[in-house]
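Trainee: Sharing a structure below in structure tokens format, with a few things to ask.
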Amino acid sequence: MIQEPVTVSTGQVGSVLIVDDHPLYGDALGAALRNEYPGCRIETAQSLRAALKALDDGFRPDLVMFDLKLPDVRGISGFLSLRERMPDLPILVISSLTSTDVVHALMDKGAAGFLPKDACSDVLRKVVGSIVAGERYVPTAYQKAEDTLPSEGAGTGTKLDELTPQQQKIMRLICSGKANKQIAYELCLAEATVKAHITALLRRLGVQNRTQAAMMMESSLAAGQTTDPDALAFLTH
């Protein structure tokens, strides 16, 4: 749990749009905000499309609280779409995706702040007030150091670029949530062949499973570490 001190802000929160596909978590966020800001209008959306529709229908919240993993979008592309639609709207990203590279990419692209989903409610309420008052917030653990040492993920872009063309195609389908049978169908391969390719690409990337491979892809793309066109499609589609 994040337990670092946060200065209490005088920023007032009149309305918030919560974009998260888990209703229980969204309800918990709303309850925490109403407790801190009585009368605050809370609107929820469980997809990027629903969030954009709420904005198109005229809702102008003081703040958007945005999860990166939604049914209709993955990675930071959803954040970028929302940012492009409403460039002056502060967006606090709250996500279980806690790669430092992704956090840095979000802040560089104009996010008002980032909180991991395990942040305590007290920190959440105070950070929201600070952001509405015009401040930006990133937990200390995710801030850029003045003297940057090589990160644990350094070189992951090179690893991804070294995948064979077939492995890159399979990697894209893994990132889009396809099962082995679906990948085999789309690429006209035997399922056993797909499994062999996945085993080989996991070994080449130095990861244990498909989820870790997808996370490596997302972190590498957010940090701009790969120029492979197939890989770049992951964050842009």
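Trainee: For region 163-182, which residues satisfy the criterion of being in a helix (DSSP H, G or I) and closer than 24 Å to residue 76 by Cα?
Mentor: First, the residues of region 163-182 that are in a helix (DSSP H, G or I): 165-175, 180-182.
Selection gives 167, 168, 169, 170, 171, 172, 173, 174, 175.
Trainee: With the requirement that a residue be touching a Gly at 6+ places or on another chain (Cβ under 9 Å) and within 8 Å of residue 17 (Cβ to Cβ), what does region 46-62 give you?
Mentor: If the condition is that a residue be touching a Gly at 6+ places or on another chain (Cβ under 9 Å) and within 8 Å of residue 17 (Cβ to Cβ), then 51, 61 are the ones that fit.
Trainee: Kindly indicate which of 47, 99 is touching an Asp or Glu at 6+ places or on another chain (Cβ under 6 Å) and surrounded by 15 or more Cβ atoms within 10 Å (Cβ to Cβ).
Mentor: Numbers: 99 fails: touching an Asp or Glu at 6+ places or on another chain (Cβ under 6 Å).
The match here is 47.
Trainee: With (1) over 27 Å from residue 80 (Cβ atoms); (2) at pLDDT 80 or above as the list, and residue 146 as the residue in question, which single condition is left unmet?
Mentor: Every condition holds for residue 146 apart from (2).
Trainee: Among the helices (runs of 4 or more DSSP H) contained in region 13-119, which hold 2 or more residues that are within 19 Å of residue 131 (Cβ to Cβ) and modelled with pLDDT under 90? Quick ask: steps written out before the conclusion?
Mentor: Numbers: elements: 23-36, 48-56, 77-85, 100-108.
By residue number, 23-36, 77-85, 100-108.
Trainee: Please determine, by comparing only the residues of region 98-112 that are in contact with a helix residue (DSSP H, G or I) (Cβ under 6 Å, 6 or more places away or on another chain) and of a type in the set (Gly, Ala, Ser), which one is nearest to residue 214 (Cα to Cα).
Mentor: First, the residues of region 98-112 that are in contact with a helix residue (DSSP H, G or I) (Cβ under 6 Å, 6 or more places away or on another chain): 99-103, 105, 110, 112.
In the following step, the residues that additionally are of a type in the set (Gly, Ala, Ser) were identified as 99, 105, 110, 112.
Values: 99: 12, 105: 17, 110: 24, 112: 26 Å.
Looking at residues that are in contact with a helix residue (DSSP H, G or I) (Cβ under 6 Å, 6 or more places away or on another chain) and of a type in the set (Gly, Ala, Ser), I get 99.
The values are calculated or read from the model by the stated rules, or taken from the named source; none is laboratory data. All of these numbers come straight from a predicted model, not from anything done at the bench. Here Cβ is always computed from backbone atoms with ideal geometry, including for glycine, and neighbour counts include all displayed protein chains.
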